[in-house]
Amino acid sequence: MTDHVPLFHTDLGPTRAPALLLVHGWGGDGREWSPHTEALAGRFRVVVPDLRGHGRSPVPDEDNTPVHMADDLAALVGSLGTGPVIAVGHSMGGQVVNLLAVRHPSLVRSVVALDPAHGAHGAEVDGIPDRLTAYRRRGAREAAVFVAGAFSPHAPQGLRTAHVRTMLGTPDHVIAQAYAGMYTEPGAVGIRRYSEAYLRLRTQSALTVWTSEEAAGWERGTLHAPGSRVEHWPDSGHYLHEEHVDRTIRLLADWADRAVDD
C-alpha cells in the first residue's frame, strides 16, 4: 500500500446501513454526487470523498495517480469502519474504484463504474502522447477543453459550465500526473490490453455503464464474476450520472439492494 493522504469527505445516512462510496472523476470533486447522496442516504450510508489533488482534499506535489488514490480510499474506508463498500466511480473514478477492488478486495462488496477511464484503444491510444504533452504544458486550461466537449445536447443547463469551472480549479500538475497515471506510467491500466489484465483480477461482481456501444461490447467479453453486467446508455454524454440523475439513482439503489442480498 502506498502512503496515503487524509481525504476530505462527507459521510451521511445510517451508520449501520450498507455503505456506498461515490467517487468523482478527473478534475472533478464530490459535489457532483450531491443529488444522488440526498436520495440514497435515507437507505444507505453514503460516503463521498474528494480524491487527492482535487476539491478540498490535500494536494501532494507528486503521486497524484489512480493507484495512490485507490490506496487513499482504502485508508478512508478502513478508518470509517463501514465494512465492505459498494464502490461507485465515474470516469477516472471508475478506474480508481476498480483498482480499490483489486488492491484491497476485503474492503469492496461490489463495483459500479460509469463511463470508466479504461479500455482505451485505437485512435484514442494514438493520441495519448500528444494529450499528455498538452496537459503538462497547459494543465487545467487544456483539460477544460476536453470537459467542454463531453456533454450531450440534452445536458441540464449549467452542467457544462460547472464542470469547466471545477476543472479549471484543479492544480495543473495534478491534471498531468493523473492523466499519466491512467495511461502511460508503469502499471497504468487505462489502455485496453492492460485493462483486460487488471479486470481479470477483480473478484467482485461489477456493473459497468458505457456511453459507447463498442466499449460496452468489449467489456461484456471480460466479465467473469457472477452477477456482473454491462449496460449501454446511448443517449448521454460522458457525465451520464449528472445528465440522468434519477436514472442513476434508481440504478445504484437497485444494484446496492442486490449486492447486499447476495
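The values are calculated or read from the model by the stated rules, or taken from the named source; none is laboratory data. A quick note: this is a predicted structure, and the numbers were derived from the prediction, not measured. Backbone-built Cβ (ideal geometry, glycine too); neighbour counts: all protein chains shown. For the accessible areas, the whole protein counts, side chains as well, though only heavy atoms, and no ligand, DNA or RNA atoms are used. Shrake-Rupley method; radii C 1.70, N 1.55, O 1.52, S 1.80 Å.
Can you confirm whether residue 166 is open to solvent by 40 Å² or more (accessible area, probe 1.4 Å) and in a helix (DSSP H, G or I)? It is false that residue 166 is open to solvent by 40 Å² or more (accessible area, probe 1.4 Å) and in a helix (DSSP H, G or I).
Just one residue in the set 80, 99, 107 is more than 29 Å from residue 237 (Cβ to Cβ), touching a Pro at 6+ places or on another chain (Cβ under 7 Å) and open to solvent by 10 Å² or more (accessible area, probe 1.4 Å); that residue is 107.
For beta carbons closer than 6 Å, sequence separation of 6+ or different chains, a first residue in the stretch 74-92 that is within 15 Å of residue 111 (Cα to Cα) and a second that is at pLDDT below 95, the qualifying pairs are 86/259. For first residues located in the stretch 215-240 and without any contact (Cβ under 8 Å) to a residue 24 or more places away in the chain and open to solvent by less than 30 Å² (accessible area, probe 1.4 Å), partners that are small (Gly, Ala, Ser) and part of a helix (DSSP H, G or I) and lie 6+ apart or on another chain with Cβ distances below 7 Å form the pairs 230/216. The set of residues in the stretch 115-133 being surrounded by 14 or more Cβ atoms within 10 Å (Cβ to Cβ) and either basic (Lys, Arg) or within 11 Å of residue 179 (Cβ to Cβ) (or both) consists of 117, 128, 131, 132.
Considering only the stretch 11-22, I want to know if a residue exists there that is of a type in the set (Val, Ile, Thr) and open to solvent by 20 Å² or more (accessible area, probe 1.4 Å). Checked the stretch 11-22: at least one residue is of a type in the set (Val, Ile, Thr) and open to solvent by 20 Å² or more (accessible area, probe 1.4 Å).
All conditions in (1) under 14 Å from residue 118 (Cα atoms); (2) open to solvent by 20 Å² or more (accessible area, probe 1.4 Å) hold for residue 209, with the sole exception of (2).
Sort through 34, 57 and tell me the only one that's assigned to a loop (DSSP other than H, G, I, E, B) and closer than 24 Å to residue 150 by Cβ.
Values: 34 fails: assigned to a loop (DSSP other than H, G, I, E, B).
Checking each option against the conditions leaves just 57.
All conditions but one from (1) crowded, with 17+ Cβ neighbours inside 10 Å; (2) β-branched (Val, Ile, Thr); (3) closer than 23 Å to residue 83 by Cα; (4) out of contact with any strand residue (DSSP E or B) (no Cβ under 7 Å at 6 or more places or on another chain) apply to residue 248; the one that does not is (3). In the stretch 61-73, is there at least one residue being touching a Pro at 6+ places or on another chain (Cβ under 8 Å), aliphatic (A, V, I, L, M), assigned to a helix (DSSP H, G or I) and touching a residue at least 60 places away in the same chain (Cβ under 8 Å)? Within the stretch 61-73, one or more residues are touching a Pro at 6+ places or on another chain (Cβ under 8 Å), aliphatic (A, V, I, L, M), assigned to a helix (DSSP H, G or I) and touching a residue at least 60 places away in the same chain (Cβ under 8 Å). Checking each residue of the stretch 147-163 against the condition of being touching a Ser or Thr at 6+ places or on another chain (Cβ under 8 Å), surrounded by 15 or more Cβ atoms within 10 Å (Cβ to Cβ) and not in a loop (DSSP other than H, G, I, E, B) gives no match. Taken over the stretch 113-141, the criterion of being closer than 20 Å to residue 93 by Cβ and free of Cβ contacts under 8 Å to residues at least 12 places away in the same chain is satisfied by 124 alone. Does the stretch 201-220 contain any residue that is among the hydroxyl-bearing types (Ser, Thr, Tyr), modelled with pLDDT of 95 or more and closer than 18 Å to residue 29 by Cα? Checked the stretch 201-220: no residue is among the hydroxyl-bearing types (Ser, Thr, Tyr), modelled with pLDDT of 95 or more and closer than 18 Å to residue 29 by Cα.
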